[in-house]
């Protein structure tokens, strides 16, 4: 099935927790919600004034957080279609992720920071400084750590409470564009401009395996819910499915 409706590049897609809807973020400055079965557009959120880089559902499926080149993160109420929170930033925001309990969001930006925001108040809980632009962020399944993908080619894992860097994964030969935790939280998959998907051991930081097959940048990576497979999407116009090791 193909969903038609955006008038610009689609930068991100995310399944709702109940698997009935899909959210998408686009260069047309909108976030759309689709019926996963029929492909019909259920909702279109307007409010961003630049590309929307990412859209992520809250764990309870009631809200969507979106990150944009307009230097904001917005949280939308899915039922009312109203914006309930706008977080201003000084630079382009590239990625956003919810904590497993839905109380916080984290976002990564061009100014080499990862910010943690209390959703109930909009206050910044913590700001983590990194050496280079942050292109993706992902909260660990246990809520204790945040993984980030960086322009400097490094995957980092930081403590969500203290901000301390607890793991540095070095191996990509270029920008790291996306990161994703395994369901059990023991591994991280990363996608890079070096055309590879890499698998990392969260305990040791070791590069367990390198998946090679794409012929251009790998822009996105995702684990299957059962943790058996890894999907990757590339500028080579393919989606590839790999067996997770």
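The values are calculated or read from the model by the stated rules, or taken from the named source; none is laboratory data. Predicted model, so just to flag it, every value in this text is computed and none were measured. Cβ sites come from the backbone with ideal geometry, for glycine too, and all protein chains shown count toward neighbours.
Brief remarks on what is shown
- Residue that is farthest from residue 120 (Cα to Cα) [pool: residues in the range 51-63 that are part of a loop (DSSP other than H, G, I, E, B) and in contact (Cβ under 8 Å) with a residue 40 or more places away in the chain]: 51
- Across the range 29-50, the number of residues qualifying as assigned to a loop (DSSP other than H, G, I, E, B) and under 19 Å from the mean Cα position of the chain (by Cα) comes to 4.
- Among the candidates 140, 190, 145, residue that is modelled with pLDDT of 95 or more, within 16 Å of the chain's Cα centre (by Cα) and over 20 Å from residue 59 (Cβ atoms): 190
- Search result, residues across the range 64-82 that are in a strand (DSSP E or B) and either more than 18 Å from residue 14 (Cβ to Cβ) or free of Cβ contacts under 8 Å to residues at least 12 places away in the same chain (or both): 72
- Selection status of residue 204, over 21 Å from residue 24 (Cβ atoms) and surrounded by 14 or more Cβ atoms within 10 Å (Cβ to Cβ): no
- Tabulated pairs, the range 216-237, first touching a residue at least 12 places away in the same chain (Cβ under 8 Å) and on the phi > 0 side of the Ramachandran plot, second surrounded by 15 or more Cβ atoms within 10 Å (Cβ to Cβ) and in a strand (DSSP E or B), C-beta under 9 angstrom, 6+ apart or interchain: 227/187
- Restricting the range 196-225 to residues that are farther than 18 Å from residue 238 by Cα and outside any strand (DSSP E or B), the residue that is nearest to the chain's Cα centre (by Cα): 225
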